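The block underneath contains the structure these notes are about, expressed in structure tokens.
The values are calculated or read from the model by the stated rules, or taken from the named source; none is laboratory data. Predicted model, so just to flag it, every value in this text is computed and none were measured. Heads up, the Cβs are rebuilt from the backbone with ideal geometry, glycines too, and the neighbour counts pull from every protein chain shown. Keep in mind that these areas ignore ligands, DNA and RNA; they rest on the heavy atoms of the full protein, side chains included. Shrake-Rupley method; radii C 1.70, N 1.55, O 1.52, S 1.80 Å.
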Amino acid sequence: MAQNSFTQHCRQEADTSALAQKLANSLSHLFQADKNAHLNISLEGDLGAGKTTFARHLIQALGFEGRVKSPTYTLCEPYPIQINSGNLPNAISITAHHFDLYRMRDPLEWQEAGFAEHFDEPGFCLVEWPEKAEGTLPAFDIEIHLTAGDDENSRNISFKANSSQGKIVIQKINAQ
Ligand code: ADP
Ligand code: MG
């Protein structure tokens, strides 16, 4: 049976970066197959677990060259990304929306800010602190949980797929 979840021990940030690179490769395949695909990915874990660090490595692994800062105060930061389209002449344009909902005062603040439309645009949403929205967000295709390991720089990072699209992405990570 195909695996729909896994946990990886990352001994240092470079391992977290390598895992983010694998997710980037797998997402690239997905968008090459369907340029209008959309994925929702949660990033869960305590303060300092490495959610923003993982998001930064992922967005940069997809070729974004600018700064990836924490969306703590803005709630959401968009990142335009060009995916190599293989045989086709034009690159595939998608947008990664990186959310940090920690500072929301109301569970529906993300909707009032006009962010709902980002949840089906070509690309993906990465959401830190989804629990602050108290179940009002669209379903997550993939849930990523980060927990502290046994020393300062180690983390355990778990992936769980909840949809057929999410399962394909996870299987492609495991196949690398
Ligand atoms: P969060 O967004 O979960 O609050 P951050 O990503 O902002 O956490 O902070 C995580 C901190 O831990 C960063 O300073 C990062 O450099 C550090 N760190 C050390 N080791 C790791 C690791 N293996 N994976 C991710 N981050 C790590
Ligand atoms: Mg963060």
Skip the ligands, DNA and RNA, and give the accessible area per residue of the chain with a 1.4 Å probe, whole Å². 51
Might you report the magnitude of the Cβ-based charge dipole of the chain about its Cα centre, with Lys and Arg at +1 and Asp and Glu at -1, to the nearest 20 debye? 520
Linear extension gain, SER164 paired with PHE64, 0.36 nm per residue minus alpha-carbon span: 33.3 nm
If contacts are Cα pairs under 8 angstrom and at least 6 residues apart, what is the relative contact order of segment 1-61 in percent? 47
A 1.4 Å probe over the protein heavy atoms gives the chain a carbon and sulfur accessible-area percentage of 46
Computed helical MRE - 222 nm, the chain, DSSP H runs ≥ 4 contributing -39500 (n - 2.57), nearest 500: -8000 deg cm²/dmol
Net charge contributed by nearby residues that have their C-beta within less than 15 Å of GLU121 (K/R +1, D/E -1): -4
Number of Lys-Lys pairs in the chain under 24 Å by Cα, sequence gap 8 or more or different chains? 17
Note down the relative contact order for the chain as a percent, whole number, built from C-alpha pairs under 8 angstrom at least six residues apart. 34
Using a 1.4 Å probe on the protein heavy atoms only, what accessible surface does ASP46 show? Give it in Å² to the nearest 10. 120
Debye calculation, C-alpha points only, no solvent: report log10 I(q)/I(0) for segment 1-93 at q = 0.19, 0.21, 0.24 Å⁻¹, in the same order as the q values. -1.06, -1.23, -1.44
Once you order the gyration tensor axes a ≥ b ≥ c over the Cα atoms, which shape class does the chain get: rounded for a/c under 1.5, otherwise prolate or oblate by comparing a/b with b/c? rounded
